[in-house]
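Notes follow the structure.
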Amino acid sequence: MLKGIDPRLTAEVLGTLRAMGHGDMLILADTNFPADTIARSTVLGRPLRMDNLTAAQAAQAVLSVYPLDTFVPDFAARMEVVGAPAERPPVQIEVQAEIDAAEGRSRPMTSVERFAFYDLARQAYAVIQTGERRFYGCFMLRMGVIPPEA
């Protein structure tokens, strides 16, 4: 156990987040996402698991140590609902709330069509599959920077 580190972050997840750099993408995926198949194409090459957490709980834990990119509009994205791209199911509203809390302001995620999201995920550094069972609990988070101390 480490002081100041969210205990929901496993050593494997922490090591992966620590290895990532500015602009690298992290995918938080629900239980229905083809995590093993997609993760084989990522930098890490295998999925990580946070099986006992909802998407929002995993996002909260990750965002406790993971800075979001402030230089690009696609700092975070959600998978669009098929046939209703503007719809935002509760799971997406909950993750948006965690992003806003981590950022200290409202920063809306962009949306990505389902198959385009799969293509985006293949370009990611890593995929974390959560225990989220609700549909459309799939998100991309782009790593930002930690500024120097003043």
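The values are calculated or read from the model by the stated rules, or taken from the named source; none is laboratory data. Small disclaimer: the values here were computed from a predicted structure and weren't measured. Glycine also receives a Cβ, built like all others from the backbone with ideal geometry; neighbour counts cover every protein chain displayed.
Per-structure values
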item: Filtered residue count, the stretch 12-42, keeping only those that are out of contact with any strand residue (DSSP E or B) (no Cβ under 7 Å at 6 or more places or on another chain) and either closer than 21 Å to Val72 by Cβ or part of a helix (DSSP H, G or I) (or both); result: 7
item: Failed condition for Ser106, given (1) under 19 Å from Phe117 (Cα atoms); (2) touching an Asp or Glu at 6+ places or on another chain (Cβ under 6 Å); (3) not in a helix (DSSP H, G or I); result: (1)
item: In the stretch 65-97, residue surrounded by the fewest Cβ atoms within 10 Å (Cβ to Cβ) [restricted to those that are within 16 Å of the chain's Cα centre (by Cα) and of a type in the set (Asp, Glu)]; result: Asp74
item: Residues satisfying the stated conditions in the stretch 74-94, i.e. under 21 Å from Gly23 (Cβ atoms) and either out of contact with any Asp or Glu (no Cβ under 9 Å at 6 or more places or on another chain) or assigned to a strand (DSSP E or B) (or both); result: Asp74, Ala76, Ala77, Arg78, Met79
item: Which listed residue is surrounded by 19 or more Cβ atoms within 10 Å (Cβ to Cβ), of a type in the set (Phe, Trp, Tyr) and at pLDDT 95 or above, from Phe115, Phe33; result: Phe33
item: Which listed residue, of Pro67, Pro148, is closer than 22 Å to Leu17 by Cβ, at pLDDT below 95 and not aliphatic (A, V, I, L, M); result: Pro148
